[in-house]
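Notes follow once the structure below has been shown.
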Amino acid sequence: MNKLLLKMVAILGFTNVMQAHTINLTFTHYAGKQYVYVTTGKLDGEGKAVLAVPLKNNYAGISNFILTDDGGMDFVVNKENFLISCTEEQPNFDNTKYIVSAENDYLNNRAKTQRSLLEKAGMIRCGLQVYKKEDALYSALEKEQQTEIDVMLLLELAYNYFLKMKWNCWMKFINLSQLSNVVMAY
């Protein structure tokens, strides 16, 4: 009787794994820390955990992983299995790696590009406040500011074209949040 019960449990467990996509996490700095995802759990001694999202929920979009006493992060879930890895104390776009997740790679690259453009826009804006209109550098900064605006507009046009080809909720979220950052910069 026990063997039959064990076989049934094994089959049910295997079925559940087959009906879920998994996210393998490695956050070495947070070994042993508690987290909240779909359920609560704990990173093992090496900072690893496997998150399973049941396919029956058919969820695709932004997902939130929270370390109960150390912050957390958002990432894209799109019915796929992938790996998230970070060995640094403060995970960010530069030090967090996504393996087999085109959406998260895209999000990271877009955020890096946007951050670079916004930093440059901020420097140009400061320069325009410091120099007088009569200074030669002022007109150069004005031209550069217009170039930056043109680059951002071109990036948005290209992005909007991409959205028409592959539109889903995470892209809407990214578009709205990053567009608001661009507007704030200018």
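The values are calculated or read from the model by the stated rules, or taken from the named source; none is laboratory data. Owing to the predicted nature of the structure, the values given are computational and were not obtained by experimental measurement. Ideal geometry is used to build each Cβ from the backbone, glycine not excepted, and the neighbour counts take in all protein chains shown. These area figures cover heavy atoms from the full protein model, side chains too; ligands, DNA and RNA do not enter into them. Shrake-Rupley method; radii C 1.70, N 1.55, O 1.52, S 1.80 Å.
Once you reduce the stretch 118-147 and the stretch 43-111 to the center of their Cα atoms, the two points are 38 Å from each other. T39 contributes about 90 Å² of solvent-accessible surface, heavy atoms of the protein only, 1.4 Å probe.
All other residues with a Cβ under 12 Å from the Cβ of V151 taken together, and with Lys, Arg as +1 and Asp, Glu as -1, what is their net charge? It would help to have the intermediate numbers written out before the result.
Details: positive: K120; negative: E144, E148, D150, E156.
Surrounding charge for V151 is -3.
Inter-label distance, K133 to L153: 2.2 nm, where each label sits 7 Å from its Cα along the C-beta direction.
Straight-distance candidates among the aspartates and glutamates for linking to K97, with alpha-carbon spacing under 20 Å and chain neighbours fewer than 8 residues away dropped: D44, E46, D70, D74, E80, E88, E89, D105.
Close amide H partners of Y35, meaning residues 5 or more places away or on another chain with modelled amide H under 5 Å apart, are G41, K42, L43, T68. Pop out the carbon and sulfur fraction of the accessible area of the stretch 37-116 as a percent, whole number, probe 1.4 Å. Carbon plus sulfur share of accessible area: 50 percent.
For E80 and T40, compute 0.36 nm times the residue count separating them, minus their Cα-Cα distance, and round to one decimal in nm.
Numbers: separation 40, 0.36 × 40 = 14.40 nm, distance 2.10 nm.
Gain on stretching E80 to T40: 12.3 nm.
The phi-based Karplus calculation (6.51 cos²θ - 1.76 cosθ + 1.60; θ = phi - 60°) puts the 3J(HN,Hα) values of the stretch 38-45 at 6, 10, 8, x, 9, 5, 6, x Hz, whole numbers, x for Gly and Pro. Solvent-accessible area per residue in the stretch 34-108 equals 55 Å², computed with a 1.4 angstrom probe and all protein chains kept.
Put E148, E142 in order of accessible area, highest first, and with a 1.4 Å probe you get E142, E148.
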